[in-house]
Amino acid sequence: MQKLEAGLGPVARLYHEGTVDGGESALAMLEQSNPDGHAFLKEASGRGAELHSTEDIEPLLEVLDLQRCLMMGLASQKVGEQVATWHRDAQQRRYEAIGKNINDTLKADEVGLLVISQDHQVQFADDIQVFYVVPPALNEIIQWMRDQQIAAQSSDTGLEDGPGDETPASE
């Protein structure tokens, strides 16, 4: 966190995927659901950063319920397709709400920190500059997976090089 703040300035706003409340109640919830994230965010909060609600409750609950349905496996292909479509729609509304909640609370020239799964599809406002930070071990895994995918594509198509994606910064 010190490296991040040294380059960007002090973190003023904190966001964590899954939080429907802010402040102390969100920290208490995170203590149970993500102990490592809790310690990290509590430290930042102790230095003056404010933890905000990230989620709107209804889209989050819909996504969680629909994920349970999809994990159970469904006998009917038609029902499975409908549930999958419903899940995608709920997930899109969820990501839109996260983006709106961040946009509504992050002020101009402030630094915010969002803890979220890497496969999220949150769209940030045009005036928000985003840096993806991953732990070094995860960065290595992501790079290995990309290398494997490129190698598989190359052997399938006869090409030697695949598309070049940026690698997330590691801390």
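The values are calculated or read from the model by the stated rules, or taken from the named source; none is laboratory data. Please read all numbers here as calculations on a predicted model, not as lab measurements. Heads up, the Cβs are rebuilt from the backbone with ideal geometry, glycines too, and the neighbour counts pull from every protein chain shown.
Of note:
- Taken as a whole, the range 38-51 holds at least one residue that is in contact with a Ser or Thr (Cβ under 7 Å, 6 or more places away or on another chain) and on the phi < 0 side of the Ramachandran plot.
- Looking only at the range 105-141, and only at residues there that are assigned to a helix (DSSP H, G or I) and surrounded by 11 or more Cβ atoms within 10 Å (Cβ to Cβ), the one that is modelled with the highest pLDDT: Thr105
- Residue within the range 86-101 that is more than 21 Å from Leu14 (Cβ to Cβ), of a type in the set (A, V, I, L, M), exposed (fewer than 14 other Cβ atoms within 10 Å of the Cβ) and assigned by TED's automatic domain parsing to the domain that holds Val11 present: no
- Pair list, Cβ under 6 Å, 6 or more apart: the range 84-95 residue under 12 Å from Leu60 (Cα atoms) and at pLDDT 95 or above, other residue in a helix (DSSP H, G or I) and among the β-branched types (Val, Ile, Thr): Ala90/Val63; Gln91/Val63; Arg94/Val63
- Within the range 1-66, helices (runs of 4 or more DSSP H) holding 1 or more residues that are polar (S, T, N, Q) and exposed (fewer than 15 other Cβ atoms within 10 Å of the Cβ): 2-8, 23-33
- Qualifying residue in the range 73-81 (condition: surrounded by 12 or more Cβ atoms within 10 Å (Cβ to Cβ) and acidic (Asp, Glu)): no
- Of the residues screened, Arg68 is one that is basic (Lys, Arg) and without any contact (Cβ under 8 Å) to a residue 40 or more places away in the chain.
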